[in-house]
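Student: The structure under discussion is supplied below as structure tokens; questions concerning it will follow.
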Amino acid sequence: MNQGTAFYLLQLFLALILAPLLPGIINRVKAKFAGRRGKPLLQTYYDLARLLRKSEVVGRTATWTFAAGPGVALAATLCALALLPLGGAASPLGFGGDFLLAAYLLGMGRFALVLAALDTGSSFEGMGASREAAFSALAEPVLFLAFLVLTSLSLDLGRHTGQGMDLAAAFSLSAMFGGQAAGAWLAGRAELLLVPAVFFVLLLVENCRIPVDDPNTHLELTMIHEVMVLDHSGPNLAMIIYGAALKLWFFAALTAGLLTPPLPLWQRAGLCLLMILALAAAVGVVESVMARLRLTRVPHLLGGAAALASLALI
């Protein structure tokens, strides 16, 4: 095992351990804005430990689809995270076009949870599943448009430096998030700062945070993601919560990878880690100063993100 692989495995281990910390940071920031003490910073860890000790309650109408959904979603999110370059270290599993696999692994996890929600036969969970599917269908083109911007940047930098880059290498996550974007906007290409803003909007949408969805609401008519998991309990609910934390880390790592300049490996890793934690605090700030949008306004938000990505591409 070479040094780069060992360093990447260390970063992946830190991501798996620290991912449940991100919801704690968000909740503490929201509590500070509201003048409350708030939940403990490690509350998600306590919740996971409590749920793993509990037994599971399964409805009479549920089939194996309901039981398999959380495990499939968690496995898909873990595989997607393993393709992402972490802390400046390229993934040993990366290859040309791996961003397609990462995007559709997340899509497969979402599809598994949607099927599990529909399998319960609950009208509320079916409503949440339909909303989840609709918003994901709108967010997916924006995600690929942002990836196209980064691919074009990789090819453009290769031409200008005279080094060249084949198409397969340019279509890898390691090339897109290897620090070239931050180096380019630091060198004067300010339009590339729009791309981290697009990924931050996608972070809010894909993780069902305010202004798209309120994860703390208890009104079924307004919930999206949370209403889909109302019937899950015990270890299955723990897998859903942990998978959601990993997905939040995934999109935060994407955004942080675009904001950290090319530095020595250990310096960039530390800066990326601090940036991910800072992005969690930024989500808490957004949720404290904004109200939840009406469902009909969410497509406008994603349309604005698509416009920003198109402007950066042009």
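Student: For helix 98-119, what angle does its Cα long axis make with the longest principal axis of the chain, in degrees from 0 to 90 and rounded to 10?
Tutor: 10 degrees
Student: Tally up the carbon and sulfur contribution to the accessible surface of the chain as a whole percent, 1.4 Å probe, everything protein left in place. Could the numbers behind the result be given before it?
Tutor: Details: 9560 of 14130 Å².
In the chain, the share of accessible area belonging to carbon and sulfur is 68 percent.
Student: So what does log10 I(q)/I(0) come out to for the stretch 1-147 at q = 0.13, 0.14, 0.15 Å⁻¹, using the Debye formula with one equal point on every Cα and no solvent?
Tutor: -0.85, -0.98, -1.09
Student: Return one whole number: the accessible area per residue of the chain in Å², for a 1.4 Å probe. Each step should come with its number before you reach the end.
Tutor: Details: 14130 Å² over 314 residues.
I get 45 Å² per residue for the chain.
Student: Apply 1/(1 + (r/R0)^6) to the Cβ-Cβ distance of residue 124 and residue 291, taking R0 = 25 Å, and write down the FRET efficiency to the nearest 0.05. Could the numbers behind the result be given before it?
Tutor: Working: r = 23 Å, r/R0 = 0.90.
E between residue 124 and residue 291, to the nearest 0.05, is 0.65.
Student: Using only the Cα atoms of the stretch 177-314, build the gyration tensor, take square roots of its eigenvalues as a ≥ b ≥ c, and label the shape rounded, prolate or oblate: rounded if a/c is under 1.5, else prolate if a/b is larger than b/c, else oblate.
Tutor: Cα axes put the stretch 177-314 in the oblate bin.
Student: Turning to a different aspect of this structure: 222 nm [θ] for the chain, helices only, -39500 (n - 2.57) per DSSP H run of 4+, per residue, to 500? The partial results should precede the final answer.
Tutor: Values: 14 runs with 221 residues, N = 314.
It comes out at -23500 deg cm²/dmol, rounded to the nearest 500.
Student: What nm value, rounded to one decimal, do you get for the distance between residue 17 and residue 278 when each label is placed 7 Å out toward the C-beta?
Tutor: Using points 7 Å along Cα→Cβ, the separation is 2.3 nm.
Student: A further question follows. In nm, give the distance between the simple-model label positions of residue 233 and residue 104, each being 7 Å from the Cα along the Cα-to-Cβ direction.
Tutor: For residue 233 paired with residue 104, the spin-label model returns 3.8 nm.
Student: Ok, one more. If a paramagnetic tag sat 7 Å from the Cα of residue 33 along the Cα-Cβ line, which residues of the stretch 267-297 would have the backbone N under 13 Å from that point?
Tutor: Counting backbone N atoms under 13 Å from the label point, the list is 280-293.
Student: Semi-axes, largest first, in whole Å: what does sqrt of 5 times each Cα gyration tensor eigenvalue give for the chain?
Tutor: Semi-axes, largest first: 32, 21, 20 Å.
Student: Moving to a separate point now. How much space per residue, in cubic angstrom, does the convex hull of the C-alpha atoms of the stretch 234-314 take up? Write out the running numbers ahead of the final one.
Tutor: Numbers: hull volume 12.3 nm³, N = 81.
So the per-residue hull volume is 152 Å³.
Student: Quick one: ranking 209, 297 by accessible area, 1.4 Å probe, largest first, what do you get? Don't jump to the answer; show the numbers that get you there.
Tutor: Numbers: 209 30, 297 120 Å².
So, going from the largest accessible area down, we get 297, 209.
Student: Going by average Cβ density within 10 Å per residue, which order do the peptides 143-154, 180-191 take, highest to lowest? Working shown, then result.
Tutor: Values: 143-154: 20.8, 180-191: 16.2.
Highest-to-lowest ranking by the protection proxy: 143-154, 180-191.
Student: Which value, in Å² and to the nearest 10, is the accessible area of residue 226 when all protein chains are kept and the probe is 1.4 Å?
Tutor: Accessible surface of residue 226 is approximately 60 Å².
Student: Whole number please: convex hull volume per residue of the Cα set in the stretch 30-81, in Å³?
Tutor: Details: hull volume 7.9 nm³, N = 52.
Expressed per residue, the convex hull around the Cα atoms of the stretch 30-81 is 151 Å³.
Student: Length gain on complete extension for the stretch residue 45 to residue 217, per 0.36 nm per residue less the alpha carbon to alpha carbon distance?
Tutor: Numbers: separation 172, 0.36 × 172 = 61.92 nm, distance 2.06 nm.
Taking 0.36 nm per residue and subtracting the Cα distance, the gain is 59.9 nm.
Student: Please compute the contact order of the chain in relative form: average sequence separation of alpha-carbon pairs under 8 Å and at least six residues apart, divided by the residue count, as a percent.
Tutor: Numbers: 468 pairs, mean separation 92.2, N = 314.
Answer for the chain is 29 percent.
The values are calculated or read from the model by the stated rules, or taken from the named source; none is laboratory data. Everything quoted here is computed from the prediction, not taken from an experiment. So basically every Cβ, Gly included, is an ideal-geometry build from the backbone, and we count neighbours across all protein chains shown. Only protein heavy atoms, including side chains, enter the accessible area calculation; ligands, DNA and RNA are left aside. Shrake-Rupley method; radii C 1.70, N 1.55, O 1.52, S 1.80 Å.
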